[in-house]
1. Given the residues B:Leu306, B:Leu320, B:Leu350, B:Leu331, which is the only one that is open to solvent by 40 Å² or more (accessible area, probe 1.4 Å), under 26 Å from A:Gly385 (Cβ atoms) and within 16 Å of the chain's Cα centre (by Cα)?
2. Residues in the stretch A:329-340 that are in a helix (DSSP H, G or I), charged (D, E, K, R) and without any contact (Cβ under 8 Å) to a residue 24 or more places away in the chain: how many?
3. Which members of the stretch A:97-116 meet the condition of being buried (at least 20 other Cβ atoms within 10 Å of the Cβ) and either at pLDDT 90 or above or within 22 Å of A:Gly255 (Cβ to Cβ) (or both)?
4. Give the residue, chosen from A:Gly250, A:Gly255, that is open to solvent by less than 10 Å² (accessible area, probe 1.4 Å) and either of a type in the set (Lys, Arg) or in contact with a Leu (Cβ under 8 Å, 6 or more places away or on another chain) (or both).
5. Restricting to the stretch A:65-89, give me the number of residues that are surrounded by 22 or more Cβ atoms within 10 Å (Cβ to Cβ) and either without any contact (Cβ under 8 Å) to a residue 60 or more places away in the chain or within 12 Å of chain B (Cβ to nearest Cβ) (or both).
6. Determine, yes or no, whether B:Glu421 is surrounded by 13 or more Cβ atoms within 10 Å (Cβ to Cβ), part of a helix (DSSP H, G or I) and more than 14 Å from chain A (Cβ to nearest Cβ).
7. Take the residues in the stretch B:112-146 that are closer than 25 Å to A:Val85 by Cα and hydroxyl-bearing (Ser, Thr, Tyr), then tell me which one is nearest to the other protein chains (Cβ to nearest Cβ).
8. With (1) more than 9 Å from chain B (Cβ to nearest Cβ); (2) within 16 Å of ligand 1 (Cβ to nearest atom); (3) free of Cβ contacts under 8 Å to residues at least 40 places away in the same chain as the list, and A:Trp326 as the residue in question, which single condition is left unmet?
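The values are calculated or read from the model by the stated rules, or taken from the named source; none is laboratory data. Treat the numbers as computed from the prediction; the structure is a model and nothing was measured. Cβ placement follows ideal geometry from the backbone for every residue including glycine, while neighbour counts extend to all protein chains displayed. Surface accessibility is based on the protein's heavy atoms, side chains included, excluding ligands, DNA and RNA. Shrake-Rupley method; radii C 1.70, N 1.55, O 1.52, S 1.80 Å.
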Amino acid sequence: MTGRLGRIRRVSGPLVEATGLDGVTMADLVELGPARLPAEAVAIRDEVVTLQAYEYTGGLRPGDVAISRGEPLSAGLGPGLLGGVFDGLLRSLVGAPEYLFPGRREEPAATTLWHFVPEAKEGDEAWPGVRIGTVDGVGLEHRVLVPPGVAGRLDWVADEGPHTLAEPVARVGEAAIALQTRWPIRRPRPVLERLNGGVPLFTGQRVLDLLYPVAQGSAAAVPGGFGTGKTMLLQQIAKWSDADAIVYVGCGERGNELADTLQELRELDDPRRGGRLADRTVIIANTSNMPMMAREASIYSGLTVAEYLRDMGYHTVVIADSTSRWAEARREFASRTRQLPAEEGYPADLPSSLAAFYERAGRFRTLSGAEASVTVIGAVSPAGGDMTEPVTAHTQRFVRCLWTLDRDLAYARHYPSVSWRGSYSRDAAVIAGWYTGRGDPEWVRRRARVLALLAEADRLAELAELVGVSALPSQERMVLLVGQLIRRAVLQQSATSANDATCAMPKQAALVDAVLTVHDRSVQLVSDGVSATAMEKVDFTPLLRAREDSGSSDVDAVIRRREELLGVLDGLT
Amino acid sequence: MTPPTQLEFCDVRQVVGPLVVLKRVEGVGWDEFAQVRLPSGETRQGLVLEVDEDTAVVQILQGTQGIGLSGVRLAFEGRPLHIPVGEGWLGRVCDGLGQPRDGGPPVFGETLRPVAGAPMNPVARATPSEPVLTGVSAIDALTTLVRGQKLPIFSVAGLPHLELATQIAAQAHAGDEPFKVVFAGMGLSHPDAAAVRDVLEERAAAGELTLFLNTADDPVIERVLTPRLALTVAEYLAFVRGQHVLVVVADMTSYAEAVREVSAARGEVPGRRAYPGYLYSDLASLYERCGRIAGRPGSVTLVPVLTMPGGDITHPVPDLTGYITEGQIVLSRSLHERGIFPPVDVLGSLSRLMRKGAGPGRTRPEHVDLAAQLVAALARSGQAADLAELVGAAALTETDRRYLGFAKVFEGTFLRQRIDEARTLDQTLDLAWQVISMLPRRELAMLDHEALDSHYREVVPDGASP
Ligand SMILES: Nc1ncnc2c1ncn2[C@@H]1O[C@H](COP(=O)(O)OP(=O)(O)OP(=O)(O)O)[C@@H](O)[C@H]1O
Ligand SMILES: [Mg+2]
């Protein structure tokens, strides 16, 4: 691709203006200066093109060259994504130097050989989504498909054997199909149709799977002030959810955290497929000290990778920590281009860009005809913990699940600090239908009882603060008690626990049933005349420790604890 | 090291706040460093904030006092600010821009490095995994500082945060491994600066410390560079020289105010409390410079100190800091008023990396559980104290009274420490056991039997049943 040559005339941080780039269109990629820093065209006025640079522009001067690449900002998609770590523009960080100085880097993957196994043959019909073959690699089977926009007949298919990413493995008319394809990251990849559906995405986190479940292909947001546990919760989902593939976007967050996530994923076994969890994960790391504008792009790179994997027929989850940093990067650039600020300095297109981001989630029929999904889960970091600030407020309009993290719960070291007052799941109804049809009709009942008891316990706790616990009727004191038990025996779940980091659905059901049975028995006992004070003095430790003391799918151990405790209760009469 | 070729210009058209707008400029790049010569012969330093055709906007670090439209010459170095780095910094006391304040010669280095640094490749990082011991019980036991961590101290005006930060800088060590300290003070009063120098004297004399001091009457804008100099020196000592380096910067609120002043002079769209929208990224570009690199021996650990204006933790400086750092140590006014030093609010404080740096093989096997138990017991004591205020201590259950007694001893013997008292880790943890032994054993569900058997010695207060 030979580009047009322009000249830089203004540089102010990531904002660069250039002239002489005739024919450049919005969102085109332009390379700046001798180091050829990537930048994107964001405004065109007469002769002057405004560019958003994706790297540190120190030393760039008026008069330096600007070369238009004649294509929009795109990501290279191919084998080698799973298990890899990339920056916001999807350039590999594995094999890159210890310090990331601006400018072009060698892509180590460019020379890697991939073993291609053809499935289609010369003369077959080809249209977007048709399988040409597979590539051996780590993790999931990598499927080579006819890319969007190519149709006709396969004129040639390569024999089985090693190929680099750029080498063609098939030809349809003029179009050469290589192992790696490029896709403009801001444009959703095409599908046949959107599907409805309510299959739950299992997360392994009880508070979510029980109270605020998320469906495959849905969108969820996790707002919470600093230290409330957003990252820990998202990391847990990355580790334990039952998706085929995870795209984890560290957008403007900590380097140490990413190093840690990476190390853990490399050490943990994938309980569903074998291999390491890292092999089903793509990490996109644009930490807070990496260039701010690449942080803005990282979100779109993540979505594009997820869609690429979806197109192969996989259920994928995109995790973005934190979407607030993405929004802030947009705000920063808007202010440098002197756009009229709307709420709190954010550009007026904040709501529409948030909507567009979460709308890339969904359950789809892919071009190949498979059913596959992209679930989007984004952390939100409200400034000052203020849930009415624009990013948090608008995000709530566009997601189906809101998992609000509560500072008071986190302060009391109740983790995950998902609040049962500020959270919701609009998928709960369809998921209830799914459980009912799949032989666990009790899920609906358990969920409803737990929610009702929590709400009632909260109401009574407020009352007790005014009048004192002892002024409440015994039955109500039992509700306060079960509120405690639900929180401590069911909802709390430590990410650092060996047994309890994830929890299978049957164990979850057993824990909830144990608490509810104990509650029913307590209510019975106080109506039979046992004093509420005596009930409150009972040592509930066996029940409280059941989640920690038994393996993540050990139902029997939970039942034994329940029986043990019921025995103690029966001794009270 | 050939000095870079310089380009000189003198057509000043505007002077606004700390900024100078220069015309008829050619070949100058964004973020370049400039030497500014005033007609009086005085020299200052500047940074290029924007270049637009033949115009450059330059921020003058020492302020624009005395600069007019004529007679000023700006010489551009063709690259961002570099400083010499190396062991020559150790034992030195400098101002906020690295000029000697100790009467010694200018610092020469082994090589030059850009003060802005470059982002560390997250894949090249090694996870922090060993402690930095500070000799302060509240920190070592309950919010363990880990090599490569960033752990700020959140305080309010009037509390002894500078004393605590200085104590940490004076006492911290990494066991037998080589350890150095870089202390950067910004906006300190002269008595404070003198006190810091005094306490750190010994460490400086031992060649283990570099001190950057920007006092309250020094130019405000130079504070924008002070932490960057400190981190640049630290990075080299850590990752080239294999040292464990602790960087203490106080007070980050003064730093953020300098950033805000530059932003206002540029007429940028103000964000919360008029701080610029990029404050998060700006703070991150400092805080994220700490860490470890896989395969290299050293580490950079960062303890920023900041005062929360009006004690408000939602103020942008503590809020954005909390979003970047790995936990926080919060100081409490009420503890301070009760005469307790260091006044660490244990419940509000958290070291997110503690699990990585404490426990078996790192400190002592029971350390993490003991800390969790102490924190849980303090939370429970707080509830008991609230209750006692409502109904009177006499109406409390015996267990609750034991909790009240525990909290008192905790504050009086464990938390409270002399300002020059360095406790070993064993002293700290033994003290913790002594304090937790004020509670009945049945209350200590977070500790395992083995640990309890070997360390727990119940103390039964007079008049209570064991
Ligand atoms: N599920 C959990 N299990 C155990 N500990 C947790 C859990 N969630 C949070 N924590 C504790 O809280 C700390 C902060 O959590 P986390 O890093 O996830 O916060 P965050 O909301 O991402 O904060 P920030 O916005 O600053 O990134 C953790 O280091 C850990 O100590
Ligand atoms: Mg986080």
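1. Numbers: B:Leu306 fails: open to solvent by 40 Å² or more (accessible area, probe 1.4 Å); B:Leu320 fails: open to solvent by 40 Å² or more (accessible area, probe 1.4 Å); B:Leu331 fails: open to solvent by 40 Å² or more (accessible area, probe 1.4 Å).
Just a single option satisfies the conditions, and that option is B:Leu350.
2. Within the stretch A:329-340, the first condition is being in a helix (DSSP H, G or I), and the residues that meet it are A:329-336.
Adding the requirement that they be charged (D, E, K, R) leaves A:330-332, A:336.
With without any contact (Cβ under 8 Å) to a residue 24 or more places away in the chain added as a condition, the list becomes A:331.
Here the count works out to 1.
3. Taking the stretch A:97-116 as the starting set, the residues that turn out to be buried (at least 20 other Cβ atoms within 10 Å of the Cβ) are A:100, A:102, A:109, A:114, A:116.
Selection gives A:Leu100, A:Pro102, A:Trp114, A:Phe116.
4. Values: A:Gly255 fails: either of a type in the set (Lys, Arg) or in contact with a Leu (Cβ under 8 Å, 6 or more places away or on another chain) (or both).
Just a single option satisfies the conditions, and that option is A:Gly250.
5. Counting residues in the stretch A:65-89 that are surrounded by 22 or more Cβ atoms within 10 Å (Cβ to Cβ) and either without any contact (Cβ under 8 Å) to a residue 60 or more places away in the chain or within 12 Å of chain B (Cβ to nearest Cβ) (or both) gives 4.
6. For B:Glu421, the condition - surrounded by 13 or more Cβ atoms within 10 Å (Cβ to Cβ), part of a helix (DSSP H, G or I) and more than 14 Å from chain A (Cβ to nearest Cβ) - is not met.
7. Filtering the stretch B:112-146 for residues that are closer than 25 Å to A:Val85 by Cα and hydroxyl-bearing (Ser, Thr, Tyr), the one nearest to the other protein chains (Cβ to nearest Cβ) comes out as B:Thr127.
8. Against the list (1) more than 9 Å from chain B (Cβ to nearest Cβ); (2) within 16 Å of ligand 1 (Cβ to nearest atom); (3) free of Cβ contacts under 8 Å to residues at least 40 places away in the same chain, A:Trp326 comes up short only on (3).
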